[in-house]
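Colleague: My questions all concern the structure below.
The values are calculated or read from the model by the stated rules, or taken from the named source; none is laboratory data. No experiment lies behind these values; they were computed from the predicted model shown. Don't worry about glycine lacking a Cβ; one is built from the backbone with ideal geometry, like all the others, and counts go over all protein chains shown.
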Amino acid sequence: AKKAGGACIVTASEDFRRDLEFRRRLQRDILHASQRNEFDLAFQPIVDVGELRAHSFEALLRWQHPELGRIPPDLFIPLAEESGAIIEIGRFVLDRALSIAANWPAQLTVSVNVSALQLSEKSFVRMVRETLKRNGVPASRLILEITETALIKNANAGKILDDLRRLGVGIALDDFGTGYASMGYLQQYRFDKIKIDKSFVSTMNEEGKSAAIVRAICALAKEISATVVAEGIETEELLSLVGAAGCDFGQGYLFARPMSALQTALFIEKNGWG
Ligand code: C2E
Ligand code: CA
Ligand code: CA
Ligand code: CA
């Protein structure tokens, strides 16, 4: 028994070492991914649950590794944050997202994710302003999605959010409910949108408290004049539940999976904006 236990530990640490090496490799490869044109953006509609019309599209980063294939952002974004590569990647994402959104009908906004490290970059607000200008997109058509983690890690967040708002950019609090200080952030900062994490939305049809939590978040959002986006809507049933709970917008596979820029243009045309 002792022998078997020992072997088990060896295997576990072997797995751990391999995993660590794999992460290090990705971390190195990310540094060249941009120059080698391995990054691309996908867009997913954020739909008005009343009119069932797209109101915004969220830009989601895709990395096609030459040998390993598609690497999920949940894996590589944290690695890029750790190494600092996310600063440059974030600039690329914003520039590309705006250059594509520039071709959409002017009623449509584009939602771009911002990581904690980007927010702590001194020239972030200026970079946003210049990127909008370069692409000829008014600030009112841009929504920046920021997570609670990004706010925790930044003592200067209040000033940055104020500066962004003064610029005319919309601010969404992403993954709401998954952090530990959500209420504190609502008290401290102003948000135009609150995005309820899919872990709450996808369980609304089950017994339990998710539906009550989503209703409460919607009521709270009204009080502070924010609109609510429910993430992870995969079925008609969930769509009617989030509507009944008071959510303004929904996002999820029911409407569309994240799509290429070209598919997005066709989606916009087909759905009557074009
Ligand atoms: P997120 O910001 O919460 O983005 C929503 C994620 O949910 C996306 O995963 C999207 O594809 C997925 N999703 C949308 N609808 C559904 C649905 O109905 N069911 C399910 N199960 N999932 C759905 P994705 O594209 O894999 O991105 C994962 C995360 O990576 C994002 O979560 C975001 O935190 C991060 N990320 C993606 N692109 C960027 C980026 O350009 N910059 C930064 N900083 N983070 C990014
Ligand atoms: Ca997001
Ligand atoms: Ca989210
Ligand atoms: Ca998320």
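Colleague: Would you mind finding the one in Ile160, Ile152, Ile146 that is touching a Leu at 6+ places or on another chain (Cβ under 8 Å) and either surrounded by fewer than 16 Cβ atoms within 10 Å (Cβ to Cβ) or closer than 26 Å to Arg62 by Cβ (or both)?
Modeller: From the options Ile160, Ile152, Ile146, the qualifying one is Ile146.
Colleague: Of the residues Leu254, Leu241, only one is in contact with an Asp or Glu (Cβ under 8 Å, 6 or more places away or on another chain), of a type outside the set (Val, Ile, Thr) and surrounded by fewer than 22 Cβ atoms within 10 Å (Cβ to Cβ); which?
Modeller: Step by step, each of Leu254, Leu241 is checked, and only Leu254 is in contact with an Asp or Glu (Cβ under 8 Å, 6 or more places away or on another chain), of a type outside the set (Val, Ile, Thr) and surrounded by fewer than 22 Cβ atoms within 10 Å (Cβ to Cβ).
Colleague: For Phe255, state whether it is part of a helix (DSSP H, G or I) and within 16 Å of ligand 1 (Cβ to nearest atom).
Modeller: No: the conditions fail for Phe255.
Colleague: Within region 21-69, can you find the residues that are among the charged types (D, E, K, R), more than 16 Å from ligand 2 (Cβ to nearest atom) and within 21 Å of Gly232 (Cα to Cα)?
Modeller: Answer for region 21-69, where residues must be among the charged types (D, E, K, R), more than 16 Å from ligand 2 (Cβ to nearest atom) and within 21 Å of Gly232 (Cα to Cα): Asp48, Glu51, Arg53.
Colleague: Another one. Select from region 122-178 the residues that are among the aliphatic types (A, V, I, L, M) and within 16 Å of ligand 4 (Cβ to nearest atom) and list them in ascending order.
Modeller: Across region 122-178, the qualifying residues are Ile143, Leu144, Ile146, Ala150, Leu151, Ile152, Ala172, Leu173.
Colleague: Then there's this: Given (1) more than 17 Å from Ile143 (Cα to Cα); (2) not in a helix (DSSP H, G or I), identify the lone condition not met by Ile194.
Modeller: The one condition Ile194 does not meet is (1).
Colleague: Related question: Please specify each residue of region 104-126 satisfying the condition of being farther than 16 Å from Leu41 by Cα and away from ligand 1 (no atom under 14 Å from the Cβ).
Modeller: Pro105, Ala106, Gln107, Leu108, Lys122, Ser123, Val125, Arg126
Colleague: Considering only region 113-146, how many residues are modelled with pLDDT under 90 and in contact with an Asp or Glu (Cβ under 9 Å, 6 or more places away or on another chain)?
Modeller: Number of matching residues: 1.
Colleague: Out of Arg134, Arg141, Arg166, I need the residue that is surrounded by fewer than 17 Cβ atoms within 10 Å (Cβ to Cβ), within 19 Å of Arg96 (Cβ to Cβ) and away from ligand 1 (no atom under 16 Å from the Cβ). Which one?
Modeller: One residue alone meets the criteria, Arg134.
Colleague: Ok, one more. How many residues are more than 16 Å from ligand 2 (Cβ to nearest atom), out of contact with any Ser or Thr (no Cβ under 6 Å at 6 or more places or on another chain) and among the hydrophobic types (A, V, I, L, M, F, W, C) when one looks only at region 172-216?
Modeller: Of the residues in that region, 8 qualify.
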